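Here is the structure we will look at, set down as structure tokens.
The values are calculated or read from the model by the stated rules, or taken from the named source; none is laboratory data. Owing to the predicted nature of the structure, the values given are computational and were not obtained by experimental measurement. We place every Cβ from the backbone using ideal geometry, glycine too, and count neighbours over all the protein chains shown.
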């Protein structure tokens, strides 16, 4: 379940987001990521004969009372709630009320925050029966099967649970090496046309897909590699099977665009070529886009991608200051990134850039350098956020050891609203002012 989450007039973005945050209300089709882990887990349960339903309250736009009524009427025996750091207090309140209204149902938490604090959650909240740590599709399947049969839970990798008053935290589950053993993610339970990542004018309705998981890079701020995967590897699906799913979605739902929301789409050049060749071989004509790393592109690859329908690309730049990039271990080649942005645009590919202010070493000068880069390359759209030292990341540990964390109130860990840390040269308030100024002056 992706539970309701609002803070005043702001609405939360949680499941499916590598950077959970809240948004001001907007008119039209707003950003809403697809809840991939929940959707894959639901599909896997159904494939193995378990009664399961994916409920996305954020996509449906239902409030807490409507959620409680839906759950009461279905009388579920196991309720899985994906959590995040900034939504955690909200998620606890909802879990408490679900337990009060449906005490026979067992509640499981999953997601990055729950994975980091599994033991503490079980110690402090007796209404939570289980925590599914990391990549949890098969952990949940084995848990559901064990509960149904009355089997022991001690051998279920990735599971934390309470047994006779003692917290048991089983060994961490290895990540799924062959992603094609998973069924396609569940989409029929949810309002499929509500999900949207319409950067750079992407046609709507669009659909989000994964062709791979994981990233080989070691950026100290990146959440999922450090909490959901606990590794830095890139795992790929077979291109033909990726395009099988794409064809099905286009035929069944008539989407006008496809976005590959991989952790990093172009980590393996052969994988990208395979996907492009499959699209061209089958004569699929649809706008598509991908999350990619600029320095891994080259003109030949971009030309092939464009010829197969690439409409837009999302490049994570984060900072244009070499010292900041070195401190956070991104290791980016700014000269090549600048050139690949230009090549992309020259080929007619829309470019969306992401920037992140407040990384280690950030200063007024480094922010000005990043803003100058943005103005120079002129992206078609951009996202600028405040860096968030999420628990479980090296970024959090670094800031905490340097006594640069100013709040451990989890609600504040919303990089679209406020800053919870300082750098050596900038206070949180200064970072917030620079963030607002960057957004105002570089918005396109």
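Restricting to segment 287-297, give me the number of residues that are assigned to a loop (DSSP other than H, G, I, E, B) and either out of contact with any helix residue (DSSP H, G or I) (no Cβ under 9 Å at 6 or more places or on another chain) or over 21 Å from residue 334 (Cβ atoms) (or both). Before you say what the answer is, go through the steps one by one.
From segment 287-297, those assigned to a loop (DSSP other than H, G, I, E, B) are 293, 297; that's our starting set.
Narrowing further to those that are either out of contact with any helix residue (DSSP H, G or I) (no Cβ under 9 Å at 6 or more places or on another chain) or over 21 Å from residue 334 (Cβ atoms) (or both): none.
So the answer is 0.
With respect to being closer than 30 Å to residue 360 by Cβ, modelled with pLDDT of 95 or more, in the same structural domain as residue 206 (by TED's automatic domain parsing) and surrounded by 16 or more Cβ atoms within 10 Å (Cβ to Cβ), residue 290 fits the description.
Rundown of residues vs (1) at pLDDT below 95; (2) more than 23 Å from residue 266 (Cβ to Cβ); (3) surrounded by 23 or more Cβ atoms within 10 Å (Cβ to Cβ); (4) not assigned by TED's automatic domain parsing to the domain that holds residue 246, yes/no style:
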| position | (1), (2), (3), (4) |
| --- | --- |
| 345 | no, no, no, no |
| 353 | no, no, yes, no |
| 357 | no, yes, yes, no |
| 365 | no, yes, no, no |
| 372 | no, yes, no, no |
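Counting residues in segment 298-313 that are surrounded by fewer than 21 Cβ atoms within 10 Å (Cβ to Cβ), in contact with a strand residue (DSSP E or B) (Cβ under 6 Å, 6 or more places away or on another chain) and either not assigned by TED's automatic domain parsing to the domain that holds residue 247 or not in a helix (DSSP H, G or I) (or both) gives one or more.
Here is a list: 284, 264, 273, 279. Which entry is part of a loop (DSSP other than H, G, I, E, B) and farther than 24 Å from residue 17 by Cα?
Values: 264 fails: farther than 24 Å from residue 17 by Cα; 273 fails: part of a loop (DSSP other than H, G, I, E, B); 279 fails: part of a loop (DSSP other than H, G, I, E, B).
Result: 284 is the single residue among 284, 264, 273, 279 that is part of a loop (DSSP other than H, G, I, E, B) and farther than 24 Å from residue 17 by Cα.
One residue stands out in segment 249-261 among those that are under 22 Å from the mean Cα position of the chain (by Cα) and not in a loop (DSSP other than H, G, I, E, B): the one that is farthest from residue 201 (Cα to Cα), namely 249. Among the residues of segment 201-231, the one identified as at positive phi and crowded, with 21+ Cβ neighbours inside 10 Å is 214. Does residue 396 qualify as being under 21 Å from residue 218 (Cβ atoms), assigned by TED's automatic domain parsing to the domain that holds residue 317, in contact with a strand residue (DSSP E or B) (Cβ under 8 Å, 6 or more places away or on another chain) and outside any loop (DSSP other than H, G, I, E, B)? Yes. Note on segment 232-257: residues that are surrounded by fewer than 15 Cβ atoms within 10 Å (Cβ to Cβ), under 26 Å from residue 317 (Cα atoms) and in contact (Cβ under 8 Å) with a residue 40 or more places away in the chain amount to 1.
So for segment 62-77 (the condition being part of a strand (DSSP E or B) and surrounded by 13 or more Cβ atoms within 10 Å (Cβ to Cβ)), does at least one residue qualify? So far as segment 62-77 goes, no, none of its residues is part of a strand (DSSP E or B) and surrounded by 13 or more Cβ atoms within 10 Å (Cβ to Cβ). Among the criteria (1) closer than 28 Å to residue 205 by Cβ; (2) under 22 Å from the mean Cα position of the chain (by Cα), the one residue 305 does not fulfil is (2). Take the conditions (1) assigned to a loop (DSSP other than H, G, I, E, B); (2) surrounded by fewer than 18 Cβ atoms within 10 Å (Cβ to Cβ); (3) at pLDDT 95 or above; residue 4 misses just one of them, which is (2). Would you mind stating whether residue 385 is outside any loop (DSSP other than H, G, I, E, B), assigned by TED's automatic domain parsing to the domain that holds residue 342 and in contact (Cβ under 8 Å) with a residue 60 or more places away in the chain? Yes: the conditions hold for residue 385.
Residues in segment 99-108 that are touching a helix residue (DSSP H, G or I) at 6+ places or on another chain (Cβ under 6 Å) and either crowded, with 21+ Cβ neighbours inside 10 Å or assigned to a strand (DSSP E or B) (or both): 107 only.
Quickly run through segment 109-126 and pick out the residues that are in a helix (DSSP H, G or I) and either within 17 Å of the chain's Cα centre (by Cα) or not assigned by TED's automatic domain parsing to the domain that holds residue 35 (or both). Scanning segment 109-126 gives 112, 113, 114, 115, 116.
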